[in-house]
Amino acid sequence: MRFTSEQRLDDGVHERAFTLGGIPGILWTPASVPAPAPLILLGHPPLGLRGMYPRLVDRARRSAAEGFATATIELPGSGDRPRLPAVERARAGLRRVREAGEPVTDELVDALVLPLVDQAVPEWRAALDALLSLPEIGGPVGYSGGVISLGVRLAVVEPRIVAAGLFAGSFVPRALFEEARRVTVPLHVLLQWDDEGNDRQAALDLFDAFGSEEKTLHANMGGHTGVPRFAGDAVTEFFIRHVK
């Protein structure tokens, strides 16, 4: 891990950009903590860190106020990273299907999501190795956000993640439903009931499939970008209970 820039935000949060094996990322740490801070990995859709920055830094600030460090990395095929040709073709296919008003097939969902998850999960685990080697970060670790399929896979394969707050709102391959049955960590799933880009029933089916004994579904009226602020507060409270 190589830090490339740093700044203090106006609330004292320490923000550092880094690269890890050529992958850009950002680490936020609280202004002052008496001991190594627990860590939350901030998931996000594949829209590029620059485009997602305002929402990510807002989540980081809110977490830092409760004593959490947070970090994120650029997803494969996003930002300045090389494109993933197969995923690009699948996205083009998805646009055509939606414009034609046709159903989205399982094959298209697999082509759109699985290559991203397969490449991203090892990268997030490598980032976690590097982050936990820093003296100011001590764990435990939570995962928060989307892509939900990425969160499902990480919750299955990464034993250092002790809780996950997942954002329903992206296509989920059928194979990930089977992986969801193996998830056992506490879960908090956020669902926008009227999300125009989300299959509500599929989101409910995925929630039902999770194997966790403790799982909470937090559903709000409104579309994809209409998440109320108190829903974010509920996610923070969830991590206070499980990651501190």
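The values are calculated or read from the model by the stated rules, or taken from the named source; none is laboratory data. Please read all numbers here as calculations on a predicted model, not as lab measurements. No Cβ is skipped: glycine too gets one built from the backbone with ideal geometry, and neighbour counts run over all protein chains shown.
For this structure, a couple of remarks:
- Taking the criterion of being in contact (Cβ under 8 Å) with a residue 40 or more places away in the chain, within 21 Å of Glu123 (Cβ to Cβ) and touching a helix residue (DSSP H, G or I) at 6+ places or on another chain (Cβ under 8 Å), the only residue of the stretch 51-68 that qualifies is Arg59.
- Considering residues of the stretch 212-240 that are at pLDDT 95 or above and over 19 Å from the mean Cα position of the chain (by Cα) only, the residue surrounded by the most Cβ atoms within 10 Å (Cβ to Cβ): Glu214
- Any chance Val109 is in a helix (DSSP H, G or I), aliphatic (A, V, I, L, M) and without any contact (Cβ under 8 Å) to a residue 60 or more places away in the chain: no
- Residues of the stretch 1-59 satisfying the condition of being outside any strand (DSSP E or B), more than 27 Å from Thr225 (Cα to Cα) and of a type in the set (A, V, I, L, M): Met1, Ala31, Val33, Ala35
- Among the residues of the stretch 89-115, those that are under 15 Å from Ala202 (Cα atoms) and of a type in the set (Asp, Glu) comprise Asp106, Asp110.
- Condition broken by Pro82, with the remaining ones in (1) within 23 Å of Tyr53 (Cα to Cα); (2) surrounded by 21 or more Cβ atoms within 10 Å (Cβ to Cβ); (3) of a type outside the set (Val, Ile, Thr); (4) free of Cβ contacts under 8 Å to residues at least 60 places away in the same chain satisfied: (2)
- Evaluating Leu75 against the criteria (1) crowded, with 17+ Cβ neighbours inside 10 Å; (2) over 15 Å from the mean Cα position of the chain (by Cα); (3) modelled with pLDDT of 95 or more leaves one unmet condition, (2).
- The stretch 16-50, residues that are farther than 20 Å from Gln119 by Cβ and either surrounded by 20 or more Cβ atoms within 10 Å (Cβ to Cβ) or without any contact (Cβ under 8 Å) to a residue 24 or more places away in the chain (or both): Arg16, Ala17, Leu27, Trp28, Thr29, Pro30, Ser32, Pro34, Ala37, Pro38, Leu39, Ile40
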